[in-house]
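The values are calculated or read from the model by the stated rules, or taken from the named source; none is laboratory data. Keep in mind the model is a prediction, meaning the values are calculated, not measured. Glycine also receives a Cβ, built like all others from the backbone with ideal geometry; neighbour counts cover every protein chain displayed. Surface areas here come from the heavy atoms of the whole protein model, side chains and all, with no ligands, DNA or RNA. Shrake-Rupley method; radii C 1.70, N 1.55, O 1.52, S 1.80 Å.
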Number of protein chains: 4
Amino acid sequence: MSKITLLIHCKDQPNIIASVTNFIANNKGNIVYIDQHVDREQNIFFMRLECEFDSISFSIENFKNKFSTTLADTFELKWKIYAEKKPKMALFVSKYDHCLYDILGRYNSGELFLEIPFILSNHLDLKPIADSFEIPFYHIPISRNTKAEAEKEQLKLLESHGIDFIVLARYMQIVSGTLIDKYPNKIINIHHSFLPAFVGAKPYHSAFKRGVKIIGSTSHYITEELDAGPIIEQDIAHVSHTHSIKDLIAKGRDLEKIVLSNAIKLHVNRKVMVYNNKTVIFS
Amino acid sequence: MSKITLLIHCKDQPNIIASVTNFIANNKGNIVYIDQHVDREQNIFFMRLECEFDSISFSIENFKNKFSTTLADTFELKWKIYAEKKPKMALFVSKYDHCLYDILGRYNSGELFLEIPFILSNHLDLKPIADSFEIPFYHIPISRNTKAEAEKEQLKLLESHGIDFIVLARYMQIVSGTLIDKYPNKIINIHHSFLPAFVGAKPYHSAFKRGVKIIGSTSHYITEELDAGPIIEQDIAHVSHTHSIKDLIAKGRDLEKIVLSNAIKLHVNRKVMVYNNKTVIFS
Amino acid sequence: MSKITLLIHCKDQPNIIASVTNFIANNKGNIVYIDQHVDREQNIFFMRLECEFDSISFSIENFKNKFSTTLADTFELKWKIYAEKKPKMALFVSKYDHCLYDILGRYNSGELFLEIPFILSNHLDLKPIADSFEIPFYHIPISRNTKAEAEKEQLKLLESHGIDFIVLARYMQIVSGTLIDKYPNKIINIHHSFLPAFVGAKPYHSAFKRGVKIIGSTSHYITEELDAGPIIEQDIAHVSHTHSIKDLIAKGRDLEKIVLSNAIKLHVNRKVMVYNNKTVIFS
Amino acid sequence: MSKITLLIHCKDQPNIIASVTNFIANNKGNIVYIDQHVDREQNIFFMRLECEFDSISFSIENFKNKFSTTLADTFELKWKIYAEKKPKMALFVSKYDHCLYDILGRYNSGELFLEIPFILSNHLDLKPIADSFEIPFYHIPISRNTKAEAEKEQLKLLESHGIDFIVLARYMQIVSGTLIDKYPNKIINIHHSFLPAFVGAKPYHSAFKRGVKIIGSTSHYITEELDAGPIIEQDIAHVSHTHSIKDLIAKGRDLEKIVLSNAIKLHVNRKVMVYNNKTVIFS
């Protein structure tokens, strides 16, 4: 069996579900998952389908062509069709190791449907971890003067490895517009606060100062505006006056790991659709 | 516009989604919600649809007939079609008032899509609350000797008011098989523990004795076996050694209210399907 | 037995715990609860004690005098001593009834250790609820021009009833500095967001727009700066793209009720200490 | 400064707090943490103190002697006094690596106040992980016939390394009474369910079958009765009908890691007191 995942969005309009499901049936596909959402405020329709086809007769290119020239044109659909293939993820890290260990542990156990062609860092601290998991590690130092040059090197690496998306696992550097434009809604960041509270640096310090009773963690696609991109996943932990900043940071590490890993899983399983700087997360 | 909700389950088989959506399109319906689930272990397919039809030409009886004789027969579907109409809920209570207040508050605010023809109790304690919300209150006392007789009275009331489903809002009485058979998967109970832990009476006492760090609450459809029916909703609260049994009971009240109200909302919105003593809860 | 609760804070210094506990023992008190906290950043010590004394020989006034002139002076303590007496709470409401029902339901069930001499509103909508619980209801309308006058009336009511603290149960009006100064850290508000995110009006609309995956609720003491006072309690609920603004508001109501009630309980049980615009919440 | 932690429990009685704090002051100690709990049902008093002494003049042995012959005798205290010293933890594992990675990651980052003299397993699968963290790994295979012999070897290892407590990080073997007797309330297990629900093997399978909407994880001290020992920590995750058994297991891994690590931290920080098969967990 060949399996594809189909993501669609368009202006909400009658008969769209029936037309799409009918098209798939006529092309000898069997729908094994369907979910849809309508944003009533914006009048936008979203749909996610998984379909199976007989491997021998099925050509994804033919299917895409037919889909494009018939349905997609009629309903003015924005769409994407994915074959069942592990996407390639680049891991950007700096000095913190907790998210890196967490992701690599899951990767090793087969929990993540993806490949990791390389890990990239502006520091050498985490190279031994990459080594012990036998994943190539590239060290590209960044200083104010070399930033543009360093990003060119990054881009070259990303392209030569055919990277599909990037995960900033506590990367601690601001990524420039050049990279964002090349990977729109494909760079996943973990921010160590419950956004939109505590944007920017040192959120645990700000949370401590404000005396909040809950801390949070947010995974989002990065956009040009700092910590303001579409939110994929959030979670929280309860804290109290007994927690020092150091305690908040330690508690936060557990949040960061799980929230980031969940976001990665949603992304690679094609469960996220982005529009208006928000996300639809299919089940 | 006429709106219907369609619930289907059957053996999993190819083309079922396309066939159903196509059938609706051919009958001039527009699908506004679709979700499905496949239990891969049992090989059962579940689907929930909401469709809109032009009110003038649409007859739900005709639609049901056509659906039954064509699709339903072909795929051997088990199905239900609901018009958009407030179901009638009977509220059974005893002496505790927290769930009653909570439900009536939501009812008054328009949060619940249902009618409450009456409140029934084996005690008179909560009559003033029913009065203040201007809902008829029936008092049917129950003793060991009068139980069968009392249930006959209950059944008469339920039937004469055209009750669709029953909510046991801390009713504290075991409901007999007679009633359960008349209202299969239509009697919603709130059990004050995280089932299957602490079945039966006094779960907070058992939780205290076991020294658990979390208490829970479970809403389920009742079946002949005590506290073993299909679970609709559960939630929990963290507790510690500082909580006495009285504290657990107070904390538990908040859980019970919210879990029961959520279960009622899921039920009246036709989001629950029951099979194998489990539930599928659509989003 | 006479029971008192003693709250202390001061510069952190050696021997303070031993000195206080010793003082109580020497005055024939038995400590039944003790907890303390040190803010290591600010070097401030906090302590909460509950002590029992023989009712016949014990005079709280004598005890206060002795405490003040010996211990309190030596260690430069800031302190409060409370007898076990129900504090008087004024409830300010507007048109939303969910927090009001929730508080009155708990009040009726004996869950809250307090008295409610009156409910005050700028609208008449909730008078029937106050009536059904047999609590006096005062209607003081507020317009831009009459605001100062209205607050004078409010103050007169508060003083004539010997009110100890005020709860704004979705009161929807900004309280002026005059009232805040008279009741410092004694006016509890419920804000319908996870502060500091979404300060001000319409937080659910802002949360919807930002596409957050979690909404929150925050109870805090009001200060002159809007929604920036010391946080007493916070809680959250998970939401998704399927939730409309109306859904967020409905889900939020459950949060608001529980968070506000918890804050009230902490306050009346003297478990909250305020400093530096933050709270210490004893267990 | 020398710091000690003092844990006390005894029959509840007057003046105990003042007497203990006074004793410490008289011995030139400064109390930096105090918390207490009274189980009113059982009439038992619990207290935890942290005290600092001048390192030059302080002898913990002298202090213990004095404490024992004066206070402890008078009040019939059960007590323990701990110097500030990293306890030695033995890690027992089998084939699952997620808890092992999680613990070693925290250990490396300095989050855990303990030493790990060795990791022990009945299989060789996880040896490479132990190697990469440079911790000695002992392989003691276990079969039905060799179990008694294997436990003797284990005991020898534990004793020769001066092990203070044992963590079963998904060890998957039933530990015999011999070992439990040697390490009473010192063997921490992680059970992959919300105890007391789903005792024994394959709890995720049972949870799936029962159709629960929440899964849990429980860390407890092991006792002779299976999965019935004093609970240290529990946490839960929400699940739905969409989760297969495999999904429950994956979600559960995250729970297990965090719950077990939290239990370890509570244990090494001397925050746990056990009585009546329950725990008091100090803040």
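Only one entry of A:K271, A:K265 meets the criterion of being touching a residue at least 40 places away in the same chain (Cβ under 8 Å) and more than 10 Å from every other protein chain (Cβ to nearest Cβ), and that entry is A:K271.
So that you can scan it fast, the table gives a plain yes or no per residue for (1) closer than 26 Å to A:D247 by Cα; (2) within 14 Å of chain C (Cβ to nearest Cβ); (3) among the small types (G, A, S); (4) open to solvent by less than 40 Å² (accessible area, probe 1.4 Å):
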| residue | (1), (2), (3), (4) |
| --- | --- |
| A:R170 | yes, no, no, yes |
| A:D181 | no, no, no, no |
| A:A197 | yes, yes, yes, yes |
| A:S206 | yes, yes, yes, no |
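Taking segment D:39-61 as the search range and keeping residues that are open to solvent by less than 20 Å² (accessible area, probe 1.4 Å) and hydrophobic (A, V, I, L, M, F, W, C), which one is farthest from D:L77 (Cα to Cα)? Ranking the qualifying residues of segment D:39-61, first place goes to D:F53.
Candidates A:V239, A:V212: the one that is over 23 Å from A:G105 (Cα atoms) and at the interface with chain C (Cβ under 7 Å from one of its Cβ atoms) is A:V212.
Evaluating D:K95 against the criteria (1) open to solvent by less than 70 Å² (accessible area, probe 1.4 Å); (2) over 16 Å from the mean Cα position of the chain (by Cα) leaves one unmet condition, (1).
Taking segment A:44-65 only, how many residues are more than 9 Å from every other protein chain (Cβ to nearest Cβ), out of contact with any helix residue (DSSP H, G or I) (no Cβ under 8 Å at 6 or more places or on another chain) and closer than 19 Å to B:L49 by Cα? Counting residues in segment A:44-65 that are more than 9 Å from every other protein chain (Cβ to nearest Cβ), out of contact with any helix residue (DSSP H, G or I) (no Cβ under 8 Å at 6 or more places or on another chain) and closer than 19 Å to B:L49 by Cα gives 3.
Among the residues of segment C:105-151, write down those that are of a type in the set (D, E, K, R), part of a loop (DSSP other than H, G, I, E, B) and within 14 Å of chain B (Cβ to nearest Cβ). C:E111, C:D125, C:E134, listed by residue number.
Candidates B:D35, B:D102: the one that is in a helix (DSSP H, G or I), within 14 Å of another protein chain (Cβ to nearest Cβ) and not small (G, A, S) is B:D102. Here are A:E153, A:E159, A:E149: which of them is farther than 21 Å from A:N262 by Cα, out of contact with any helix residue (DSSP H, G or I) (no Cβ under 9 Å at 6 or more places or on another chain), at pLDDT 95 or above and not small (G, A, S)? Result: A:E153 is the single residue among A:E153, A:E159, A:E149 that is farther than 21 Å from A:N262 by Cα, out of contact with any helix residue (DSSP H, G or I) (no Cβ under 9 Å at 6 or more places or on another chain), at pLDDT 95 or above and not small (G, A, S). State yes or no: is B:K64 surrounded by 13 or more Cβ atoms within 10 Å (Cβ to Cβ), within 27 Å of the chain's Cα centre (by Cα), over 24 Å from A:P14 (Cα atoms) and not assigned by TED's automatic domain parsing to the domain that holds B:N276? Judged against the criteria, B:K64 is not a match.
Within the set A:K3, A:K85, the sole residue that is basic (K, R) and within 30 Å of A:R170 (Cα to Cα) turns out to be A:K85. I want to confirm something. Restricting to segment D:17-32 and keeping residues that are assigned to a helix (DSSP H, G or I) and more than 8 Å from chain C (Cβ to nearest Cβ), which single residue is surrounded by the fewest Cβ atoms within 10 Å (Cβ to Cβ)? Result: D:N26. Any residue that is touching a residue at least 40 places away in the same chain (Cβ under 8 Å) and surrounded by fewer than 17 Cβ atoms within 10 Å (Cβ to Cβ) - is there at least one of those in segment A:121-133? There is no residue in segment A:121-133 that is touching a residue at least 40 places away in the same chain (Cβ under 8 Å) and surrounded by fewer than 17 Cβ atoms within 10 Å (Cβ to Cβ).
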